[in-house]
Structure formats: C-alpha cells, structure tokens
Amino acid sequence: MKIHTFKGGIHPKEMKELSNQCPITSVFPTSKTVTIPVTMGGAPNSPVVKVGDVVAKGQLIATGDKFMNCPVHASISGKVKKIQNCLVTGNSEVPCIIIESDGSDSTAYMEPLDPFACEPEDALKRIKDAGIVGMGGASFPAHVKLNPPKDKEIDYVLLNAAECEPYLTCDERTLQEQTEKVIDGLAIELRLVGAKGIIALEDNKAYIKPQLEKKIKKKGYGDDISVCLVKTKYPQGAEKFIVSACTGREIPSAKLPADAGCIISNVGTVCAISDAFRLGMPLIERSLTISGGAVEKPVNIRVPVGTLVTDLMPEVFKLKESENESAIKIISGGPMMGFAMCSAAFPIAKGTSGVTFLTKAETFTDEEEQCISCGKCVATCAMHLSPVLIVRELKAGNYEKAKSFGLMDCIECGCCAFICPAKVSLIQRIRLGKGVVRQQMAEERTKAELAKKKAEAEKAAQEAASKSTESQGAAK
C-alpha cells in the first residue's frame, strides 16, 4: 500500500490518543447564550437584526451584498440581547450578536433541495445562503471556492482528512460517525465542478480506509471517489502538500489549488454542505476537539456557533489544578498553527476546529535566545524557504528583501519555530512582517486609485474646457 508524502516537514508528538476514542457529543452553553461574530469568512457583513428582536434557530442575522459575503445565522432561538465588540480568535475585538435562548428551539431552516436535480447555479446559491465556509481554519467562502473561473479546469476535489495538527481529532471521529454524510457532501461538490474525488487520509488513520471504501462502493461512487493514504507528517494537511502528495502536481507560487486543477475541502465543510441540502440547515453548529495536557478528560463535542469556551467549563470539560499540570497557554486551534489567546472567553466560530490547553511541559515560554545560524529551519521548511534570512531582513526593516526570500510564500505552519534550538519567534515575526507588507500594498492600491481618479478628473476637465473653447469659437 503506497504512502504519499512531500519533502520536508516535522514529526511532533501526535497526542491524538487523548481524544480519538471519544465520540462526538452535542452540548449547549451553560449560560444559554451565544456570542456570534458578524463576519466569519468572506467580505465584512452587517447585522440585519437589532437588539430586542426574537430570532429562530437558522434565521439570517448578518449579511452583505458582495459576492464574497458569507451570511451568518442564529445558532439558537431566542432574543438578541446585545450587539457589541467582543474578543475573538486572534485576540481582536469584532462586532458580535449576542443571543439569549428562550428555550423554544424554534427553527427557520430553508426547504430541502435535491443537489443532484437542481441547476448548478441554484446549488451554489444554496451553499452561499447556508453561510458555508471552509471549516479547517481559513474560513474561505465555499460558494466562491466551488465556482472557479471558467479558465480553470478542475480535475480533482481533495477532501482534506489528514488532520495533521497534534491533539485535534474531530475530523477523525466525523469520518467514523458520519461516513455517509461525508461522502454525500463530497459527491455534491463533485457534481458542481465535474471532477473526481480523493479523500486524503494520514496513515495513522488507515484503519478508517476500509470503512470509507465500503460506503463509497455502497453509494455507487466507486469510480468517482478514491481514498489516498498520505504519510503522517506535519504539515501534510497544508493545501500545497495535499495536492503534491495526492496528484503529483505543484501549486505555483502565489497561486491557488485551482491553478493546479484542484479544489480542497474540509471534512466539516462537506458535512455542512450535505446538511444544507438535505435538511435546509445553515452552518450554525460545528464539531471540535477540546484537548491538551491541562484538560482532565479531553472531548470531541458539537456546539452551536458562538458558544463561549468558558461556557463549557466545568460541565463539559475541566482543567487540572495542580501546579505542574495547570494551563499556561490557551490556543484557539492546534498548537502548531493556532492562535494563543489571552483568555478562554472567546466564541467558537465556524472555523474553530479545536481549543488546546497546554501545560508548561508542552510549550515554551522562556525568552528567545540568539540565533546560532544552524540552518535547521531551512532544512525542515516544507516550502523550501530560508526562515532565518526572512526574519533577519524583517528585523532590519528590509521588507522588500524579506519578500525576495519568500516572506509571502510562507504558510505559517510553525515547523521552523518548532525545530529552532534558540526558540526564536520565527512565525510571530513572519506574521507581523506579512501584516506590514499587506498594509503597504493596501496603501499603494489606494494611492494608485486616487491617482487614477485625479487623472480622470483632469482629463474630463480638459475635455470640458476644450469643448467650451470650441463652442465659443463657433458662436463668434
């Protein structure tokens, strides 16, 4: 049985055994309140409800009029108590709609729609109306991803079931517990783009392969969907490496998977797509893993979007209290690419695949040391970049030089920081550097637009003056 992989990467401790035997259980926030970010992927939304409104589960509460907008829906029924800025993943504060449950559990779902009988345009509209985004973390709008430009021929839809982040196991459990729903959602995507499907599964989950293949055959998709085992290695789940491992194709620099004839979807995303058609249910719930050495009994749970992590303690999970096992770092996501949070009082969003509570032994909190130019970060970089040179130029403020070393090609997987013996904050510096470059690019675009408008205004003024002169001459 061939195992596919890529060059580079690392092998951190998987820590899957903490939760991969825990079934997904549905839970409700103890406060009976949800805090739903107005925007969770795509262009910024605006609320369409106001304080005091009574909403039903699944009702539209925020949207916009742009193609990239991804609607947001009420995840519980109840009354809108507040609309205010709240802490979210990334430690920023954004507008959120706070809803208090009324206990009625009334719903405002869409009518079910046959995904294999309706027109493709109607299917894409259903996916947009359901507010479905990528649920692996990036939260890119699914209706945009599944509607590639006409000049991009899609050959494969890759279902990213690698789940290479340590600790996280909600996708692994979903593949076992909701196999038919996973296959149904993937088949819907295949019908939309006219491609073959590949389920990319890390070989530490090879035991699920026979179950998947049996269901695929039973559903009649044996010629359309295959299961590809990829090597258990981080960051195997990154889009560039999934494409490379499963198809042998390379995504060009600064390009998208569609440029290599591929679309990549997450396990949670295809399940949400199936629900949107079969049940008419928008994306208002998601599964995630709560794990880490500081958690007494790690769990896989399904919660309403907007549930505060603090509203799951201690009823759903408890943190250890001993000094050596207490949580010193809270991460939204996994320990490699997740965001360290200042508090657990943040909402679970559409893209929240897990929350990890790490002990002192599981993380590094000391001051970074001087870089010794050992080159380990270069050897382990799966993108074949030189993190040490990028960060060196960023420290000196040479952003153009940092870009020439591949700053914007970095996928922020964290391999370099993990392997660095001096524990240099490579990823933090690269993220900050990217932010500066993006700000510079935005300013340049604004200047270019203003210059264009000024030139157009001057041209219009000149043409008007010329016409006026011609009119005066004709009058004389």
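The values are calculated or read from the model by the stated rules, or taken from the named source; none is laboratory data. Being a predicted model, the structure only gives us computed values, none of them experimental. Reconstructed Cβ throughout: ideal geometry from the backbone, glycine too, with neighbour counts over all protein chains shown. Heavy atoms of the whole protein, side chains included, go into the accessibility calculation; ligands, DNA and RNA do not. Shrake-Rupley method; radii C 1.70, N 1.55, O 1.52, S 1.80 Å.
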Vicinal HN-Hα couplings computed from phi for segment 219-235 (Karplus, 6.51 cos²θ - 1.76 cosθ + 1.60; Hz; Gly/Pro x) = 7, x, 10, x, 8, 10, 10, 10, 10, 10, 7, 10, 5, 6, 7, 9, x
Hey, with R₀ at 51 Å, roughly what FRET efficiency would Thr365 and Glu463 work out to, going by the Cβ-Cβ distance, to 0.05?
-> 0.20
Which helices pass in the chain if a helix is a full DSSP H run, must span at least 24 angstrom along its long axis by Cα, and must have mean Kyte-Doolittle hydropathy not below -1.0?
-> 426-475
Cα-projected label distance for Cys374 with Glu153, points at 7 Å along beta-carbon direction, nm = 4.8
Contour minus Cα-Cα span, Ile411 to Lys82, at 0.36 nm per residue, comes to 114.8 nm
Compute the accessible area per residue over the chain, keeping the other protein chains in place, probe 1.4 Å, unit Å².
-> 47
Report, in whole Å, the centroid distance computed from the Cα atoms of segment 227-289 and segment 83-128.
-> 21
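How much length is gained on full extension from Glu119 to Ser104, taking 0.36 nm per residue of separation minus their Cα-Cα distance? Please report the intermediate quantities before stating the final value.
Numbers: separation 15, 0.36 × 15 = 5.40 nm, distance 3.52 nm.
Fully extending the segment from Glu119 to Ser104 adds 1.9 nm.
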Scan around Arg286 for amide H atoms under 5 Å from its own, H built in the peptide plane at 1.01 Å from N, and keep only partners 5 or more places away or cross-chain.
-> Val303, Val305
Long-range amide H partners of Gly292 with built H, under 5 Å | Phe357
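Per residue, how big is the convex hull around the C-alpha atoms of the chain? Give it to me in cubic angstrom, could you? Please report the intermediate quantities before stating the final value.
Numbers: hull volume 90.9 nm³, N = 476.
It is 191 Å³ per residue.
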Specify which residue in the list Leu288, Ala461, Ser139 is farthest towards the positive end of the charge dipole of the chain, using unit charges on the beta carbon of Lys, Arg (+1) and Asp, Glu (-1), about the Cα centre.
-> Ala461
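With a 1.4 Å probe and all protein chains left in place, how much of the accessible area of segment 1-81 comes from carbon and sulfur atoms, in whole percent?
Numbers: 2310 of 4040 Å².
Reported share for carbon and sulfur atoms: 57 percent.
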Can you list the HN-Hα couplings for segment 16-33, worked out from phi with the Karplus curve (6.51, -1.76, 1.60; θ = phi - 60°), rounded to whole Hz and with x for Gly and Pro?
-> 6, 5, 5, 9, 6, 9, 8, x, 6, 10, 7, 9, 10, x, 5, 7, 6, 9
Given segment 111-252, what percent of its DSSP beta bridges are antiparallel, to the nearest 5?
-> 10
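Kindly provide the GluC sites (Glu not before Pro) of segment 95-176 that DSSP labels as loop, not H, G, I, E or B, and whose Cβ sees at most 16 other Cβ atoms within 10 Å. Present the calculation step by step, with values, prior to reporting the outcome.
On the way: sites: Glu100, Glu121, Glu153, Glu163, Glu172; in loops: Glu153, Glu163.
Taking segment 95-176 and a limit of 16 other Cβ atoms within 10 Å, the loop GluC sites (Glu not before Pro) found are Glu153.
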For Ile97, enumerate residues with amide H under 5 Å from its amide H, sequence gap 5+ or separate chain, H modeled in the peptide plane.
-> Ile36, Val38
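What number, rounded to the nearest 500 deg cm²/dmol, is the helix-based mean residue ellipticity at 222 nm of the chain, given -39500 (n - 2.57) per DSSP H run of at least four residues and division by all its residues? Intermediate values should be presented prior to the final figure.
Values: 12 runs with 143 residues, N = 476.
Helix contribution divided over all residues of the chain: -9500 deg cm²/dmol.
If I take every Cα pair under 8 Å that is 6 or more residues apart in the chain, average their sequence separation and divide by the length, what percent do I get for the relative contact order? Walk me through the numbers on the way to the answer.
Details: 999 pairs, mean separation 86.0, N = 476.
Over the chain, the number comes to 18 percent.
Can you pull out the trypsin sites (Lys or Arg not before Pro) in segment 45-130 that DSSP calls coil and that have at most 16 other Cβ atoms within 10 Å? Write down the numbers at each step before the final one.
Working: sites: Lys50, Lys57, Lys66, Lys79, Lys81, Lys82, Lys125, Arg126, Lys128; in loops: Lys50, Lys66.
Hits after loop and neighbour filter: Lys50, Lys66.
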